[in-house]
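What follows is one structure encoded as structure tokens, with my remarks underneath.
The values are calculated or read from the model by the stated rules, or taken from the named source; none is laboratory data. Keep in mind the model is a prediction, meaning the values are calculated, not measured. All Cβ positions, glycine included, derive from the backbone under ideal geometry; neighbour counts span all protein chains shown. For accessibility, only protein heavy atoms count, side chains too; no ligands or nucleic acids. Shrake-Rupley method; radii C 1.70, N 1.55, O 1.52, S 1.80 Å.
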Amino acid sequence: MKLLQWKWCGIALCFFVSLSVVAQNNTPLGPVFSVVEQPPSFKGGKDSLYLFLRKHFINPEAAKSANVNCKVMVKFIVELTGQLSDIELAWSAGHDCDEESLRVVKLFPPWEPGRQSGKAVRVRVHLTLNYPFQ
């Protein structure tokens, strides 16, 4: 019976260890987390993010003329300092929406970094932008 209990403990331990490896990618700069206790945020919150997008976002002419309704997802890493890195497309829509999404995200000021156990950590963020943006 004791041997059976230890086997289950070993299986459970392997399961939890593999989950933590999936949740983060190790790089020379440190691990990149997907889920953290306190996610990164745009300084000023969602309202400030929306105002920033309204101010800088230009609906592409190609998307307007084609009457496009679509979504573009941009992924990036919020670094320990709040700076953004590795900005790239996760979902593409075409009609110049991809380029406009990347352009605007590259204009973002530093974010509040994500935190795990009270310490700033690198976190991958996925941001979805809807077209037409209003």
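The distance between label points at M73 and A90 comes to 0.5 nm (points 7 Å beyond Cα on the Cα→Cβ vector). Rounded to the nearest 0.05, what FRET efficiency do K43 and K64 have when you use their Cβ-Cβ distance and R0 = 41 Å? So, using R0 = 41 Å, E works out to roughly 0.85.
For segment 65-134, rounded, prolate or oblate, judged on the Cα gyration tensor with a ≥ b ≥ c (square roots of eigenvalues), a/c < 1.5 rounded, else prolate if a/b > b/c? Provide the component values of the computation, followed by the final result.
On the way: a/c = 2.97, a/b = 2.68, b/c = 1.11.
Prolate, because a/c is 1.5 or more and a/b exceeds b/c.
Report relative contact order for segment 44-117 in percent, whole number only (criteria: Cα-Cα under 8 Å, sequence separation at least 6). Could the numbers behind the result be given before it?
Details: 85 pairs, mean separation 23.6, N = 74.
32 percent.
Over all other residues within a Cβ to Cβ distance under 13 Å of V78, the charged ones net out to +2, with Lys and Arg as +1 and Asp and Glu as -1. For A90, the residues whose modelled amide H falls within less than 5 Å of its own, excluding neighbours fewer than 5 places apart on the same chain, are M73, V74, K75. Candidate cross-link partners of K119 among the aspartates and glutamates, defined by an alpha-carbon separation under 13 Å and a same-chain spacing of 8 or more, comprise E37, E79. Bridgeable aspartates and glutamates around K43 (alpha carbons under 13 Å apart, same-chain partners fewer than 8 residues away excluded): E112. The residues packed around K46, meaning those with a beta-carbon under 14 Å from its beta-carbon, carry a net charge of 0 if Lys and Arg are +1 and Asp and Glu are -1.
Neighbours of H95 by Cβ distance under 10 Å: Lys/Arg scored +1, Asp/Glu scored -1, total -4. Accessible surface for segment 20-134, divided over its residues, is 60 Å² per residue with a 1.4 Å probe.
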